[in-house]
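The values are calculated or read from the model by the stated rules, or taken from the named source; none is laboratory data. All figures in this text were calculated on a predicted structure; none of them were measured in a lab. A quick note on method: Cβ atoms are made from the backbone with ideal geometry, for glycine too, and the neighbour counts reach across all protein chains shown. When the accessible area is computed, the model is the full protein with side chains, heavy atoms only, and any ligands, DNA or RNA have been set aside. Shrake-Rupley method; radii C 1.70, N 1.55, O 1.52, S 1.80 Å.
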Amino acid sequence: MDNERFEQLKNSVIEAGQIMRGEIKPTRVFTLEMPERIDAPLEAWAVCLESDDHSLLVPRKLYPVTIVNGGIWVRDEDGEMTSCDTEDFLPVDFAPEVQQILAEAA
């Protein structure tokens with residue numbers, strides 16, 4: 001990674017920390033539209049946004065999840081399947097090559 005890209009990445013991480021601490025407002029926002037009803041379970045990757053117990057579900061960590069009507073099923077850090085609110089996770093769409101690498105690493 002060249003110095004210019006490193007500095008851009010570093011500045012992004014600093015900005016993210018300031019946003020998370022409420023020191024500044026985000027400069028951009030995106031909206032993810034979720035269907036109201038999912039007929040079949042959907043296997044996906046999602047980032048944990050909120051957790052009542054950080055030892056079981058780690059915020060900002062990527063998890064393989066199953067999205068079903070009314071919630072998300074995820075395997076917590078103890079290896080137990082648990083049901084979570086959809087607001088606690090942000091589904092992420094990756095290119096097929098990245099999904100394959102993640103599946104092999106999980």
Study note, to complete from the structure: The helix 3-20 Cα axis meets the longest alpha-carbon principal axis of the chain at an angle in degrees, between 0 and 90 and rounded to 10, of 60
Check your understanding: If you find the alpha carbon centre of segment 83-97 and of segment 1-68, how far apart are they in angstrom?
Key -> 9
Study note, to complete from the structure: Heavy-atom accessible area per residue of the chain, all protein chains kept, 1.4 Å probe, expressed in Å², is 79
Check your understanding: Just how large is the dipole of the chain about the Cα centre, in debye to the nearest 20, putting +1 at every Lys and Arg Cβ and -1 at every Asp and Glu Cβ?
Key -> 380
Revision key, fill the gap. Checking rank on 71-78, 15-22, 2-9, with mean other Cβ inside 10 Å and highest first, the result is 71-78, 15-22, 2-9
**Study point:** Between helix 96-105 and the chain: long-axis angle, C-alpha atoms, 0 to 90°, nearest 10
**Key:** 80
Practice item. Could you check how much of the accessible area of the chain is carbon and sulfur, as a whole percent, using a 1.4 Å probe? Key: 53
Exercise for review: Determine by what factor the alpha-carbon radius of gyration of the chain differs from 2.2 N^0.38 Å, reporting the quotient.
Suggested key: 1.23
